[in-house]
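> Input: one structure, supplied below.
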Amino acid sequence: MDFNYDYMSTKQKISLANDSNTPAEELQELATDDNHVVRYHVAKNPKNYAYVLRSLAQDISMDVRCRVASNPSSPDDILRHLAKDALYWVRRSVIKNPTISINTLIILFEYEKNLKNPDTDVIRSLYDNKKLPIGIKRVIETLYRDWL
């Protein structure tokens, strides 16, 4: 089915973006919409496609990147990329992704630890993640005891 997105209302685009039956080509088209709210809804679609999420992981909007980071359909390479996002909200969203790998958690911890000003919420979220290896938890307890 061909859609002319230029003539669709924002509400219609959001509805299409949220629909788990929307084809990949249409989600990709909606992922380039000028309205960040439409892109946000594409990013949170749980039946999304890696290549659509990969493009949205580069989005200028923090909200869109946060939704990609928390989307269980996001492949680990996207999560590793977002684990080094400049904004701590995005990094926290990566930690909360239920499909995050142990390796990505470790990468995120190393990134955070090497920042001039690590974020206390990111450190706490890492510490609280059940997948984080016990050895990293001990390092967090040693380095950031006052934050826990």
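Computed from the coordinates by the stated procedures, all read-outs in this text should not be read as laboratory data. The structure displayed is predicted, hence computed values, not measured ones. Positions of Cβ are backbone-derived with ideal geometry, glycine not excepted, and every protein chain shown enters the neighbour counts.
> Working only within segment 130-148, note down all residues that are touching a residue at least 12 places away in the same chain (Cβ under 8 Å) and either in contact with a strand residue (DSSP E or B) (Cβ under 8 Å, 6 or more places away or on another chain) or among the hydroxyl-bearing types (Ser, Thr, Tyr) (or both).
Tyr144
> A follow-up question, please. Taking segment 49-75 only, how many residues are in a helix (DSSP H, G or I) and closer than 18 Å to Tyr88 by Cβ?
Selection size over segment 49-75: 9.
> Another question about this same structure. Please specify each residue of segment 1-43 satisfying the condition of being small (Gly, Ala, Ser) and either in a helix (DSSP H, G or I) or within 19 Å of Arg65 (Cα to Cα) (or both).
Here is the first cut: in segment 1-43, the residues small (Gly, Ala, Ser) are 9, 15, 17, 20, 24, 31, 43.
Answer for segment 1-43, where residues must be small (Gly, Ala, Ser) and either in a helix (DSSP H, G or I) or within 19 Å of Arg65 (Cα to Cα) (or both): Ser15, Ala17, Ala24, Ala31, Ala43.
> Now for a different question. Would you check which residues across segment 95-108 are more than 10 Å from Leu126 (Cβ to Cβ) and either in contact with a strand residue (DSSP E or B) (Cβ under 6 Å, 6 or more places away or on another chain) or of a type outside the set (D, E, K, R) (or both) and list them?
Answer for segment 95-108, where residues must be more than 10 Å from Leu126 (Cβ to Cβ) and either in contact with a strand residue (DSSP E or B) (Cβ under 6 Å, 6 or more places away or on another chain) or of a type outside the set (D, E, K, R) (or both): Asn97, Pro98, Thr99, Ile100, Ser101, Ile102, Asn103, Thr104, Ile107.
> Would you check which residues across segment 119-138 are among the β-branched types (Val, Ile, Thr) and more than 24 Å from Thr99 (Cβ to Cβ) and list them?
Hit for segment 119-138 is Thr120, nothing else.
> Only one of (1) in a helix (DSSP H, G or I); (2) touching a residue at least 12 places away in the same chain (Cβ under 8 Å); (3) farther than 23 Å from Ile107 by Cβ is not met by Pro46, so which one is it?
Tallying (1) in a helix (DSSP H, G or I); (2) touching a residue at least 12 places away in the same chain (Cβ under 8 Å); (3) farther than 23 Å from Ile107 by Cβ, Pro46 fails exactly one: (1).
> Are any residues in segment 91-104 of a type in the set (A, V, I, L, M, F, W, C), crowded, with 23+ Cβ neighbours inside 10 Å and part of a helix (DSSP H, G or I), and if so, which ones? Working first, answer last.
First, the residues of segment 91-104 that are of a type in the set (A, V, I, L, M, F, W, C): 94-95, 100, 102.
The next check asks that each one be crowded, with 23+ Cβ neighbours inside 10 Å; those that pass are 94-95, 100.
Of everything in segment 91-104, those that are of a type in the set (A, V, I, L, M, F, W, C), crowded, with 23+ Cβ neighbours inside 10 Å and part of a helix (DSSP H, G or I) turn out to be Val94, Ile95.
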